[in-house]
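Worksheet: the structure to be examined is printed underneath.
The values are calculated or read from the model by the stated rules, or taken from the named source; none is laboratory data. The model shown is predicted, which means the values in this text are computed figures rather than measured ones. A quick note on method: Cβ atoms are made from the backbone with ideal geometry, for glycine too, and the neighbour counts reach across all protein chains shown. All accessible areas refer to the heavy atoms of the entire protein, side chains included, with ligands and DNA or RNA removed. Shrake-Rupley method; radii C 1.70, N 1.55, O 1.52, S 1.80 Å.
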Amino acid sequence: MVRSLLLICILLPISEPHSAVYGQAPDAKYNPLPARDTYLKLATEVEDTLHRDVLDVWFPRNVDSQNGGFYSGFDRKWQPTDSEGKFSVFQGRMTWIASQIAVQRPELNEKFLPIARHGLEFLGNVLWDKQYGGFYWGVDDYGQISSFYTDRKELYGESFAMYGAAAAYKATHDPKALLLAQNAFRWIDEHSHDARSGGYFEVLTREGKVMEANPSAAGTNSPGGFFIGYKSMNTHIHLLESFSQLYEVWKDQTLRQRLEELLAILRDKISVEPGAMNLYFTNAWRPFPDHDSYGHDVEAAYLMLEASAVLGHAHDAPTERMARMLVDHALAYGWDDNLGGFYREGTTYGKPEEKLKDWWVEVEGLNALLLMHQKYGAKSDLYFKAFQQQWSFIKEYQIDSEFHGLYRNIAPDGKPPTLDKGDNWKAAYHDGRAFLNVSDRLRSLAQSASQ
């Protein structure tokens with residue numbers, strides 16, 4: 001699978017680091033790579049955290065055996081909170097992580113394969129609109145259209161529901177899972193692909209009609225916060241992710257063309273030098289001003305390299321270059337030199353303006369830093385030093401040592417402003433994926449390291 005492709009990627013020749021603030025050019029006295037025991041010790045720590053603070057706290061307590069799908073709301077002690085209904089993004093993400101665990105951790109297959117099937121059943125039987133096709137943005141606890149989610153179809157949700165179905169097929173080999181993912185892709189491509197400018201229109205009616213921008217109409221923005229009639233970085237990086245997942249199991253030519261298109265859009269239109277991403281665009285891909293999201297920068301670096309690997313691109317220099325610039329820029333402008341960790345956002349060349357540290361940003365940063373070390377560590381210790389400090393930050397501040405799991409965010413003083421552990425936007429996806437990848441990548445690095 002793609003994760004394995006990334007783990008064994010060949011170290012490419014290094015160029016000078018792009019960061020003028022954090023990164024420094026290597027010198028002739030550069031120390032050797034870390035020893036094998038260092039990698040293995042870290043791998044054990046991360047693997048233990050995956051089980052204790054992700055899998056064991058979420059599953060099976062979030063499985064809704066009465067209404068189907070997964071329950072999302074939990075307080076600090078992992079007691080259920082008020083329901084927010086069943087959100088397509090959360091349902092797809094939980095189906096995905098359960099499926100990935102069943103595949104990547106065979107010793108847990110007996111526990112997680114039924115959970116993956118449970119999530120797949122909800123995606124196909126409840127969230128999929130049997131009349132018009134596509135996945136509902138969300139439904140109430142009983143699987144009915146609700147006034148909160150409305151009956152709209154949003155590409156961000158379509159993407160994650162398809163993502164979960166494609167992963168479920170890989171885990172279960174159930175042809176219904178593959179058919180659901182294929183139908184989702186075809187629905188997305190038929191109703192929202194922009195044949196003129198590339199990419200996808202993001203907010204549609206239930207019937208699949210693209211909703212146009214109307215700045216003068218109050219209250220018409222998407223329930224997810226996406227702007228009707230515009231394109232976003234966030235939706236397109238996750239379309240790239242879900243298309244990559246589907247292409248692993250379905251080598252369809254149209255899907256490949258769209259995956260290539262999305263990779264080029266993310267690398268050449270959304271991402272810009274010196275390593276930042278615009279957040280919002282007109283349909284013709286003209287950006288309009290907003291802040292730089294450090295977490296999306298480091299996440300996108302990984303997702304671009306993942307897509308490139310799935311497509312079989314060897315030595316993809318433009319993608320490699322932009323991925324590294326995104327990580328270097330986040331280190332230069334969004335990194336906390338005191339405690340470690342990435343801040344939430346700021347301007348491209350300015351100081352961070354939002355200094356909360358979100359759990360998903362920190363774990364995506366951990367994943368990206370180790371990937372950069374794997375690729376460039378033979379010439380620079382920049383990324384491994386940052387990786388170690390990032391891991392120390394997560395262990396000391398982001399993880400709740402008493403009740404386990406990760407706090408939503410951490411303030412600059414190292415304390416969590418809120419104590420809840422789960423809601424519709426906080427699933428086991430970011431941390432589950434990151435810890436899976438990091439644990440396995442550390443073991444891969446150990447295999448080639450000195451004693």
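Remark: segment 97-108, residue by residue, has Karplus-estimated 3J(HN,Hα) of 5, 4, 5, 5, 5, 4, 7, 8, 10, x, 5, 9 Hz, where x stands for each Gly or Pro and the curve is 6.51 cos²θ - 1.76 cosθ + 1.60 at θ = phi - 60°. Shape descriptor for the chain: Rg over Rh equals 0.94 (Cα atoms; Rh from the Kirkwood inverse mean 1/r).
Distance in nm between label sites at residue 193 and residue 144, each 7 Å beyond Cα in the beta-carbon direction? In this crude label model, residue 193 to residue 144 measures out at 3.7 nm. The mean sequence distance of close C-alpha pairs (under 8 Å, at least 6 residues apart), as a share of the length of segment 227-364, puts its relative contact order at 24 percent. With all protein chains kept in place, the per residue accessible area of the chain amounts to 39 square angstrom at a probe of 1.4 angstrom.
For segment 28-92, what is the charge dipole size about the Cα centre, in debye to the nearest 20, if Lys and Arg each add +1 at the Cβ and Asp and Glu each add -1 at the Cβ?
For segment 28-92, the charge dipole is close to 240 debye.
In plain terms, the chain from residue 395 to residue 291 could stretch by 34.6 nm, reckoned as 0.36 nm per residue minus the Cα-Cα distance. Heavy-atom accessible area, probed at 1.4 angstrom with all protein chains present, ranks 230, 163 as 230, 163, highest first.
Legend: residue pairs 231/351; 41/426; 77/355; 111/385; 351/375; 269/355, Cα-Cα distance threshold 30 Å; pairs beyond threshold, 111/385. Near the amide H of residue 73, within less than 5 Å, lie the amide hydrogens of 81, 84, all on another chain or at least 5 residues away, with H placed in the peptide plane.
The Kirkwood hydrodynamic radius of segment 213-342, based on inverse pair distances between different Cα atoms, is 15.7 Å.
Considering only protein heavy atoms and a 1.4 Å probe, what is the carbon-and-sulfur percentage of the accessible area of the chain? If you can, show how the numbers build up before the last one.
Working: 8780 of 17670 Å².
It is 50 percent, rounded to a whole number.
Helix content alone sets the calculated 222 nm mean residue ellipticity of the chain: runs of n ≥ 4 DSSP H residues at -39500 (n - 2.57) each, divided across all residues, give -15000 deg cm²/dmol.
Database remark: amide H of residue 410 closer than 5 angstrom to the amide H of 357, 358 (H placed geometrically; neighbours at sequence offset of 5 or more, or on other chains; Pro and chain starts carry no H).
Within the chain, the longest run free of exposed loop sites, counting trypsin sites (Lys or Arg not before Pro) that sit outside DSSP helix and strand states (H, G, I, E, B) and have at most 11 other Cβ atoms within 10 Å, spans 252-451.
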